[in-house]
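**Student:** What follows is a structure written as structure tokens; I'll ask about it next.
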Amino acid sequence: MILSNITASVIICIIIIAMAAYECVAAQAPTPIAQTAATTQSADVEWPYYGADAGAQRFSPLLHINRDNVSQLKGAWVYHTGDVSDGKTTRMKTGFENTPIVVDGRMYISTPYCRVIALDPETGRETWSYDPQIKKDAIYSEGLINRGVSTWLDPERKPGDACRRRIFIGTIDARLIALDAASGKPCSDFADGGQINLKSSVKNIEHIGYYGEFEETSPPAIIDDLVIVGSAVGDNRALDEPRLHAFVVSRISMYAAAVGFAGGRRPRQRTDQMVGAAWGCGRGDALDAPSANP
């Protein structure tokens, strides 16, 4: 769904207001915001996954904002990504579909151009931004969108080490990129300089004549040291379109060796290259964010 500029601004404002409560704890009986804030203690409550937890339950224990005081909310801050197009300056229109994550006291968002931005969740101040330089003049079957990022903490690295916490994004041009959560720089020890081309070894890719036939639109799922991404393809455009794929990228702390899987089948082969044999079920898309049961 492509959203208007006004709708996108409203959505990000709503998200920001909700996340502003991440340092508050459950209140007692519903009372006005000012009174509740003065009588509660502070505790860190984060939103480290697209759906709050690995299983995407979207549950928050915070009760500070409730039906009795929600009408008193005021915007804490507004941040404009600037990544907006009505289709006049790009081949496709943009749509803001991001759900931020908040972890280690920092908010991470993605934009329709697949930029990743780190913000201070209390002030909205930008800490860093990373631009994967997607082709904005290309055709993408899903338009210019991205729904979010995922994060992983390397248990073998010490606090302060580069890429101890990583931010992963799947881009609209089908790359998986790992970034240092502290600096926004690509993690050079992941795959090829910090990224994997997920189109490698995918059958029938880009044969119809447009660039964005195979895409990533949603944040990956992470289980232990595995990062799992789905795929989106341009539906109903040809008889021999690319198949739906899911990829497992193993040992994300040191290197990446990806194999494809679908429908519970075993991969045909595993190689020592960045992307192994792709395996698909032949139809359908994995558009939404995958969840996991670790």
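The values are calculated or read from the model by the stated rules, or taken from the named source; none is laboratory data. What you see is a predicted model, and the numbers here were worked out from it, not measured in a lab. Cβ atoms come from the backbone with ideal geometry, glycine included; neighbour counts cover every protein chain shown.
**Student:** State yes or no: is Leu119 buried (at least 17 other Cβ atoms within 10 Å of the Cβ), among the hydrophobic types (A, V, I, L, M, F, W, C) and within 20 Å of Asp44 (Cβ to Cβ)?
**Tutor:** Values: buried (at least 17 other Cβ atoms within 10 Å of the Cβ): yes; among the hydrophobic types (A, V, I, L, M, F, W, C): yes; within 20 Å of Asp44 (Cβ to Cβ): yes.
Here the answer is yes, as Leu119 does meet what is asked.
**Student:** Turning to a different aspect of this structure: State which residue pairs qualify: first residue on the phi < 0 side of the Ramachandran plot and inside the range 120-132, second residue modelled with pLDDT of 95 or more and charged (D, E, K, R) in any location, beta carbons under 6 Å apart, and separation of 6 or more residues or different chains.
**Tutor:** Partner pairs satisfying both residue conditions: Ser129/Arg115; Asp131/Arg115.
**Student:** I'm checking my understanding of the structure. Among residues of the range 81-116 that are closer than 27 Å to Ala138 by Cα and basic (Lys, Arg), which one is surrounded by the most Cβ atoms within 10 Å (Cβ to Cβ)? Lay out the reasoning, then the answer.
**Tutor:** In the first step, residues of the range 81-116 are kept if they are closer than 27 Å to Ala138 by Cα; the result is 81-100, 108-116.
Subsequent filtering for residues that are basic (Lys, Arg) retains 88, 91, 93, 115.
Numbers: Lys88: 6, Arg91: 17, Lys93: 17, Arg115: 21.
For the range 81-116, the residue satisfying everything is Arg115.
**Student:** Just give me the residues in the range 87-118 being hydrophobic (A, V, I, L, M, F, W, C) and in contact with a strand residue (DSSP E or B) (Cβ under 7 Å, 6 or more places away or on another chain), in sequence order.
**Tutor:** Correct list: Met92, Ile101, Val102, Val103, Met107, Ile109, Cys114, Val116, Ile117, Ala118.
**Student:** Pick out the one residue from Thr94, Thr151, Thr123, Thr81 that is closer than 19 Å to Gly194 by Cβ and out of contact with any His (no Cβ under 7 Å at 6 or more places or on another chain).
**Tutor:** Thr151
**Student:** Does any residue of the range 157-174 turn out to be among the acidic types (Asp, Glu), at pLDDT 95 or above and out of contact with any helix residue (DSSP H, G or I) (no Cβ under 7 Å at 6 or more places or on another chain)?
**Tutor:** First pass over the range 157-174, keeping only residues among the acidic types (Asp, Glu): 161, 173.
Pick out the ones that are also at pLDDT 95 or above and you get 161.
Narrowing the set further to residues that are out of contact with any helix residue (DSSP H, G or I) (no Cβ under 7 Å at 6 or more places or on another chain) leaves 161.
Yes, the range 157-174 contains at least one residue that is among the acidic types (Asp, Glu), at pLDDT 95 or above and out of contact with any helix residue (DSSP H, G or I) (no Cβ under 7 Å at 6 or more places or on another chain).
**Student:** Are any residues in the range 133-152 exposed (fewer than 14 other Cβ atoms within 10 Å of the Cβ) and touching a residue at least 12 places away in the same chain (Cβ under 8 Å), and if so, which ones?
**Tutor:** Filtering the range 133-152 down to residues exposed (fewer than 14 other Cβ atoms within 10 Å of the Cβ) leaves 133, 135, 137.
If the condition is that a residue be exposed (fewer than 14 other Cβ atoms within 10 Å of the Cβ) and touching a residue at least 12 places away in the same chain (Cβ under 8 Å), then Lys135, Asp137 are the ones that fit.
Residue-by-condition table, conditions (1) in a loop (DSSP other than H, G, I, E, B); (2) at pLDDT 90 or above:
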| site | (1), (2) |
| --- | --- |
| Ala27 | yes, no |
| Ala38 | no, no |
| Tyr50 | yes, yes |
| Lys74 | yes, yes |
| Thr81 | yes, yes |
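**Student:** Can you name every residue in the range 45-59 that is at positive phi and crowded, with 16+ Cβ neighbours inside 10 Å? Show your work before the answer.
**Tutor:** At the first step, the residues of the range 45-59 found to be at positive phi are 52, 56, 58.
Once the filter is applied, which keeps residues that are at positive phi and crowded, with 16+ Cβ neighbours inside 10 Å, the range 45-59 yields Ala52, Ala56.
**Student:** Also: If you take the residues in the range 127-147 that are charged (D, E, K, R) and under 16 Å from Gly87 (Cα atoms), which one is farthest from the chain's Cα centre (by Cα)?
**Tutor:** Applying the first criterion (charged (D, E, K, R)) to the range 127-147 yields 131, 135-137, 142, 147.
The next check asks that each one be under 16 Å from Gly87 (Cα atoms); those that pass are 135-137, 142.
On the way: Lys135: 19, Lys136: 19, Asp137: 22, Glu142: 16 Å.
Among residues in the range 127-147 that are charged (D, E, K, R) and under 16 Å from Gly87 (Cα atoms), the one farthest from the chain's Cα centre (by Cα) is Asp137.
**Student:** Can you find a residue that is under 23 Å from Ala56 (Cα atoms) and either loosely packed, with under 14 Cβ neighbours inside 10 Å or of a type in the set (D, E, K, R) (or both) anywhere in the range 179-196?
**Tutor:** The answer is no, given that none of the residues of the range 179-196 is under 23 Å from Ala56 (Cα atoms) and either loosely packed, with under 14 Cβ neighbours inside 10 Å or of a type in the set (D, E, K, R) (or both).
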